[in-house]
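The values are calculated or read from the model by the stated rules, or taken from the named source; none is laboratory data. The structure presented is a predicted model; accordingly, all values stated were derived computationally and were not measured. So basically every Cβ, Gly included, is an ideal-geometry build from the backbone, and we count neighbours across all protein chains shown.
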Amino acid sequence: MKAVTWHGKRDVRVEDVPDPQIKEPNDAVIKVTTTGLCGSDLHLYEVLGPFMTQGDILGHEPMGIVEEVGSQVTTLRPGDRVVIPFNISCGHCHMCGMELYAQCETTQVREHGMGAALFGYTKLYGQVPGGQAEYLRVPQAQFGPIKVPNGPPDERFVYLSDVLPTAWQAVQYAHLPDGGSLTVFGLGPIGQMCARIARHLGHRVIGVDGVPERLEMARRHGVEVVDASETTDVPEAVRQLTSGRGTDSVIDAVGMEAHGSPAAKLAQTMTGALPDALAAQLMSHAGVDRLAALNQAIDTVRRGGVISVIGVYGGMTDPMPMLRMFDKGISLRMGQAHVRRWVGALMPLVTDDADPLGVMDLATHRVPLQRAPEAYEMFQKKRDGAIKVLIEP
Ligand SMILES: NC(=O)c1ccc[n+]([C@@H]2O[C@H](COP(=O)([O-])OP(=O)(O)OC[C@H]3O[C@@H](n4cnc5c(N)ncnc54)[C@H](O)[C@@H]3O)[C@@H](O)[C@H]2O)c1
Ligand SMILES: [Zn+2]
Ligand SMILES: [Zn+2]
């Protein structure tokens, strides 16, 4: 089959690889019909190379049709239409029992001290072949796959793999008071959906980004926007909109590659130039995240407010402004999304033909697998108005 494989910084290719097979009795194999390109993939493309191996198959946002199931998978049968959560969870361990699926003890990558295995996401997360491919082997298929109805287009459901549950969790973790106010930093696909979900739940939302078409998309979904390219003091701009206090909560939907952190960018570039073993050491022991968005979030939230970090960070000793955080009495929540946990709340929204979250207004590009390398470059450079790219193998 054909698959998107990683070969180095900004070097992904479409290659012929062996077809996946059922290896365990609780595996399934699906034929992928649509699969997303995610901001998390861009971290692999740019800074997380030290944790990758040439030839790794990328992708963690697939949906498709079940081809084959192992003998222990009784809940699925060939022909079922399914969306695959990006984290691999068993559904029955201690952590899964608490719905902390991103910490599943059956798939935890203990060798690296990490949580549940993820599709297509570095050695740290188990080096599991990913979903930007014609076919995908799905471990723990007795629990993970989300069955969706036949009929509506893939675009209605594909975001259940990551974008929607991730954004839903970010809003839950923001712990907004009824009718409260929220600032969302970063209006990529995740930030867009955080903003729409918070609006749907009756909150006031201010979105921050510096990319015109992303600001425009947020605006057409009822979000007030602050253009980060036009103001040097975003937190002050938000305070001016909120009686001088800042919003009740803030979501950081930017993560480790935030614009505006020159020193950390240099560190990331330097680690990128080191031999892999050394770079991995440095990244695991030094603070090399670009913290501009997180620092602004800390500055923007009102006193006693909540920050929900959904953007991915990877430095081990990132410096944090503890004085400001302590004095303001900030609560901080973060982590990978526990995808399956939020599906029950989301399913009625994605199956509603009125499309309350506007899932049909997120993808800007749909490309065949063969064009994935160009799509990565376009999405990273935010060219051609790219906001969300879907790959159709
Ligand atoms: N926690 C999870 O489970 C989970 C799941 C999926 C994605 N993510 C993470 O969420 C983040 C966003 O993903 P995405 O697909 O939306 O990516 P994206 O790269 O499209 O979006 C990031 C956005 O942040 C903006 N930005 C950069 N610096 C900024 C700054 N200083 N202030 C305001 N905006 C700034 C960019 O212009 C861009 O629009 C990534 O870090 C991704 O890895 C986390
Ligand atoms: Zn993703
Ligand atoms: Zn588990």
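Below is a table of values for the structure above.
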| read-out | value |
| --- | --- |
| Filtered residue count, region 184-205, keeping only those that are within 14 Å of ligand 1 (Cβ to nearest atom) and either basic (K, R) or touching a Pro at 6+ places or on another chain (Cβ under 9 Å) (or both) | 1 |
| Filter pass, A228 being among the small types (G, A, S), within 15 Å of the chain's Cα centre (by Cα), over 21 Å from T364 (Cα atoms) and within 9 Å of ligand 1 (Cβ to nearest atom) | no |
| Matching option when the condition is in a strand (DSSP E or B), out of contact with any Gly (no Cβ under 8 Å at 6 or more places or on another chain), more than 15 Å from ligand 2 (Cβ to nearest atom) and at pLDDT 95 or above, among G55, G64, G79 | G64 |
| The listed residue being surrounded by 24 or more Cβ atoms within 10 Å (Cβ to Cβ) and within 16 Å of R137 (Cβ to Cβ), out of P25, P85 | P85 |
| Of the criteria (1) under 20 Å from G126 (Cβ atoms); (2) among the hydrophobic types (A, V, I, L, M, F, W, C); (3) surrounded by 22 or more Cβ atoms within 10 Å (Cβ to Cβ), which one M95 fails | (3) |
| Qualifying position, being within 13 Å of A133 (Cβ to Cβ) and away from ligand 3 (no atom under 16 Å from the Cβ), among D16, D11, D41 | D16 |
| Odd one out for G335 among (1) farther than 24 Å from Q132 by Cα; (2) at pLDDT 95 or above; (3) surrounded by fewer than 19 Cβ atoms within 10 Å (Cβ to Cβ) | (1) |
| Filtered residues of region 181-196 (kept if away from ligand 2 (no atom under 16 Å from the Cβ) and either modelled with pLDDT under 95 or under 12 Å from L164 (Cα atoms) (or both)) | A195, R196 |
| Cβ pairs under 6 Å, 6+ apart, first in region 93-106 and of a type in the set (D, E, K, R), second part of a loop (DSSP other than H, G, I, E, B) and away from ligand 2 (no atom under 16 Å from the Cβ) | E105/C93 |
| Some residue of region 257-268 being part of a helix (DSSP H, G or I), polar (S, T, N, Q) and at pLDDT 90 or above | no |
| Boolean, P189 is in contact with a Phe, Trp or Tyr (Cβ under 7 Å, 6 or more places away or on another chain) and surrounded by 23 or more Cβ atoms within 10 Å (Cβ to Cβ) | no |
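Matching residues to (1) part of a loop (DSSP other than H, G, I, E, B); (2) farther than 24 Å from S40 by Cα; (3) not basic (K, R):
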{"site": "R341", "(1), (2), (3)": "no, no, no"}
{"site": "L346", "(1), (2), (3)": "no, no, yes"}
{"site": "A354", "(1), (2), (3)": "yes, yes, yes"}
{"site": "V359", "(1), (2), (3)": "yes, no, yes"}
{"site": "Y376", "(1), (2), (3)": "no, no, yes"}
{"site": "V389", "(1), (2), (3)": "no, no, yes"}
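A quick yes/no check of all residues on (1) more than 16 Å from ligand 3 (Cβ to nearest atom); (2) touching a Gly at 6+ places or on another chain (Cβ under 9 Å); (3) not assigned by TED's automatic domain parsing to the domain that holds Q54:
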{"position": "G91", "(1), (2), (3)": "no, yes, no"}
{"position": "T122", "(1), (2), (3)": "yes, no, no"}
{"position": "Y125", "(1), (2), (3)": "no, yes, no"}
{"position": "E155", "(1), (2), (3)": "yes, no, no"}
{"position": "D178", "(1), (2), (3)": "yes, yes, yes"}
